[in-house]
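These notes concern the structure reproduced below.
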């Protein structure tokens with residue numbers, strides 16, 4: 001995206017370089033010479049400057065939000081720890097980081113017994 005000097009006359013011709021989405025090759029698009037080319041070059045420079053300004057604003061906002069993101073990560077980690085403790089205390093378990101499942105009560109010989117004692121003491 002620049003002026004190119006063609007022939008020995010020194011005349012500047014303005015071309016835009018773009019990548020063809022179908023072939024992936026760089027294709028030059030002729031814009032013109034003289035005032036038309038100057039106006040296109042100024043518009044292109046203004047768009048570039050606008051993108052730089054916007055990118056810097058996003059970076060500044062990201063820098064402002066970084067401490068809040070760090071606090072949220074700590075809060076998330078603490079909440080996960082509390083949740084896992086509550087599930088473990090309630091009799092749940094996980095095998096190889098799969099879903100949380102309620103532990104089955106066993107009689108010690110591979111058989112299953114009910115998880116509650118149906119209100120009987122003993």
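Bear in mind that the values in this text are calculations on the coordinates, not laboratory data. None of the values given here were measured: they were computed from a predicted structure. Positions of Cβ are generated from backbone atoms using ideal geometry, with glycine treated the same way; all protein chains shown enter the neighbour counts.
Between residues in region 65-91 that are in a helix (DSSP H, G or I) and residues that are surrounded by 10 or more Cβ atoms within 10 Å (Cβ to Cβ), which pairs lie under 8 Å by C-beta distance while being six or more apart or on different chains?
As it stands, the answer is 87/100, since those pairs meet every condition given.
Does residue 67 satisfy the criteria of being loosely packed, with under 10 Cβ neighbours inside 10 Å and either closer than 30 Å to residue 11 by Cβ or in contact with a helix residue (DSSP H, G or I) (Cβ under 6 Å, 6 or more places away or on another chain) (or both)?
No.
Would you confirm whether any residue within region 19-32 is part of a helix (DSSP H, G or I) and in contact with a strand residue (DSSP E or B) (Cβ under 9 Å, 6 or more places away or on another chain)? Outline the logic, then answer.
As a first pass, look at region 19-32 and keep what is part of a helix (DSSP H, G or I): none.
Checked region 19-32: no residue is part of a helix (DSSP H, G or I) and in contact with a strand residue (DSSP E or B) (Cβ under 9 Å, 6 or more places away or on another chain).
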